[in-house]
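The values are calculated or read from the model by the stated rules, or taken from the named source; none is laboratory data. Bear in mind that the values here come from a model prediction, so they are computed numbers and not experimental data. No Cβ is skipped: glycine too gets one built from the backbone with ideal geometry, and neighbour counts run over all protein chains shown. All accessible areas refer to the heavy atoms of the entire protein, side chains included, with ligands and DNA or RNA removed. Shrake-Rupley method; radii C 1.70, N 1.55, O 1.52, S 1.80 Å.
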Amino acid sequence: MFNKRIKIKQLLAQEPDNQEVTVMGWVRSFRNNQFIALNDGSTNSNLQVVAELGKFNDTLLKRLTISASLKITGAVIPSLGKGQKLELKAATIEILGDSDAEKYPLQPKKHSMEFLREIAHLRFRTNTFGAVFRVRHSLAYAVHKFFNDKGFVYLHTPIITASDAEGAGEMFRVTTLPAHNPPLTENGAIDYKEDFFGRATNLTVSGQLEGELGATALGEIYTFGPTFRAENSNTPRHLAEFWMIEPEMAFCDLEDNMNLAEEFIKYIIRYAMEHNREDLEFLAQRLADEEKQLPLDKRSELGLLEKLDFVLNNNFERITYTQAVDILLQSPAYKKKKFQYEVKWGIDMQSEHERYLVEKHFKKPVIVTDYPLEIKAFYMRRNDDGKTVAAMDILAPGIGEIVGGSQREERLNLLLQRMEAMHVPAEELWWYLDTRRFGTVPHAGFGLGFERMVQFVTGMSNIRDAIAFPRTPGSAEF
Ligand code: ATP
Ligand code: MN
């Protein structure tokens, strides 16, 4: 019986034809004892339902409070009101669930993002978060569509891993050992041999190493799953649990990798632009209103939709790390000592440097390549200069790093050298090294942080507003 309902999105796309339909949803507002604004989550727009005066009894009308859930049957008629071509003339109104307006925390006024995070279980019911999560969904769907259409295999890499090769120090431990009096070894350390897996295990920080195993047989794979970082960075761009997309391609070098990443980013943005126009227009307006409160020099030059169009219609700038450092050293910001952190060849660029490059200098996404070997992971392919590796980071305006990737070191001897120099235990990664032992091939891949992408497309300034239930230091409610 419930599947007889029509979704409001579909209804609003029709012409008023006097046909009878059934809708269900939540009350957004009830005006003049007559007009119900009903929302069912299928679209940002509410359906106007008219409860003709005198037709419904007072007891029922009193229960039409904000967020009460209703089942309404009625005829679709042309609307006389402004802003909508049709409305529903209610014949029957059934209350599915009452909502106590006195206690309901969301009022029809503007709430701060911070407050809404405290009621993340209800914030889906706001226009803003309805739009954010519909856009997020479209982006996720577009990710799968993009790779599927190219013949990539979706690989599910493990969430529990035993290799701490990559994320030393910033991993969440997974254990069933008792927190009090765990079994100890002779020298007093926790005895993980007694643990569930017979060894120490963690939540994964990346699916890449396993992704490489897949790519070096299946050709092209991608992962799209949760990753975890126990880094204590309370920034608007870091979560302790976030979703990452990691394609990995055999027979692929750094340039192929950059081309794919750029095509991929543009594809998923375009997909959202084409399928979520109404939500993006709403979010653009929201952002414009929010920015009106900022001083002039802090406001974006482009609106959200213009920014996305601009990204679609322009090539990403491509520069080497060495060029990037030169630009920073020549910059007025550097000369006026505006950077807090040091600038010289060899530094790990800080967010202020990345933002200068994308927001002030190039004013568009920038791909920085060929970073110093010392600041990058052991698996990145060494360049012929012996000082740099075939790495690429994509930096986006307002976000900073959105993609980190590289061509991988496929030469066993050079890989072993790097592992030794960086104290990465080769014995533990015997399975990873086997790909270099048996038919090694040039290959490359990257990781895109999904929430940073959602931030970029929706214009939400804090990453906590790009995921349904954010996990951050000190916070794991819901
Ligand atoms: P950052 O320097 O911003 O911390 P990173 O160098 O640690 O990033 P990578 O290890 O290269 O990032 O991870 C790949 C991508 O995952 C990043 O480009 C970013 O989009 C995303 N990412 C990394 N850490 C986080 C995090 N804590 N929360 C959300 N997204 C993240
Ligand atoms: Mn990081």
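Taking all protein chains in place and a 1.4 Å probe, what share, in percent, of the accessible surface of the chain do carbon and sulfur account for? Could the numbers behind the result be given before it?
On the way: 12110 of 23820 Å².
Within the chain, the accessible surface is 51 percent carbon and sulfur.
For the pairs Lys150/Lys266; Lys82/Lys292; Lys335/Lys360; Lys292/Lys338; Lys338/Lys387, note any where the Cα-Cα span goes beyond 18 Å.
Working: Lys150/Lys266 15 Å; Lys82/Lys292 27 Å; Lys335/Lys360 15 Å; Lys292/Lys338 25 Å; Lys338/Lys387 29 Å.
Table pairs above 18 Å Cα-Cα are Lys82/Lys292; Lys292/Lys338; Lys338/Lys387.
Taking amide H atoms as placed 1.01 Å from N in the peptide plane, list the residues 5 or more away in sequence, or in a different chain, whose amide H sits under 5 Å from that of Asp253.
Amide H neighbours of Asp253, under 5 Å, 5+ apart: none.
Compute the accessible area per residue over the range 335-451, keeping the other protein chains in place, probe 1.4 Å, unit Å². Write down the numbers at each step before the final one.
On the way: 5260 Å² over 117 residues.
Using a 1.4 Å probe on heavy atoms only, each residue of the range 335-451 averages 45 Å².
Leaving out ligands and nucleic acids, and using a 1.4 Å probe, what accessible area per residue does the range 1-140 come to in Å²?
Details: 7530 Å² over 140 residues.
It amounts to 54 Å² per residue over the range 1-140.
Measuring from a point 7 Å past the Cα of Glu374 along Cα-to-C-beta, which residues in the range 409-426 have an amide N at less than 18 Å?
Only 418-424 pass the distance filter.
So what is the accessible area of the range 174-269 per residue, in Å², with the probe set to 1.4 Å? Numbers along the way, then the final one.
On the way: 4460 Å² over 96 residues.
Dividing the accessible area of the range 174-269 by its residue count gives 46 Å².
So for the pair Ile160, Asp289, with labels modelled 7 Å out along Cα→Cβ, what separation do we get in nm?
About 4.7 nm separates the two model spin labels.
Taking every Cα atom in the chain, find the radius of gyration and the maximum pairwise distance Dmax, and write them in Å.
Computed over the Cα atoms of the chain, radius of gyration and Dmax are 26.6, 85 Å.
Tell me, what is the FRET efficiency for Glu194 and Glu477 to the nearest 0.05, using R0 = 22 angstrom and their Cβ-Cβ distance as r? Before the final figure, lay out each step's value.
On the way: r = 33 Å, r/R0 = 1.49.
Once the sixth-power term is evaluated, E becomes 0.10.
Does the range 1-148 classify as rounded, prolate or oblate by the C-alpha gyration tensor (a ≥ b ≥ c root eigenvalues; a/c under 1.5 gives rounded; else a/b over b/c gives prolate, otherwise oblate)?
Oblate, because a/c is 1.5 or more while a/b does not exceed b/c.
Can you tell me how much longer the chain between Leu122 and Val153 gets when fully stretched, taken as 0.36 nm per residue apart minus their C-alpha distance, in nm with one decimal?
Values: separation 31, 0.36 × 31 = 11.16 nm, distance 3.61 nm.
Length gained between Leu122 and Val153: 7.5 nm.
Set the Förster radius R0 to 35 Å, insert the Cβ-Cβ distance between Lys85 and Asn234 as r into 1/(1 + (r/R0)^6), and round the FRET efficiency to 0.05.
Working: r = 47 Å, r/R0 = 1.35.
That gives a FRET efficiency of 0.15.
Say R0 is 30 Å: what FRET efficiency, to the nearest 0.05, do Lys9 and Glu52 get from their beta-carbon distance? Working shown, then result.
Working: r = 25 Å, r/R0 = 0.84.
E between Lys9 and Glu52, to the nearest 0.05, is 0.75.
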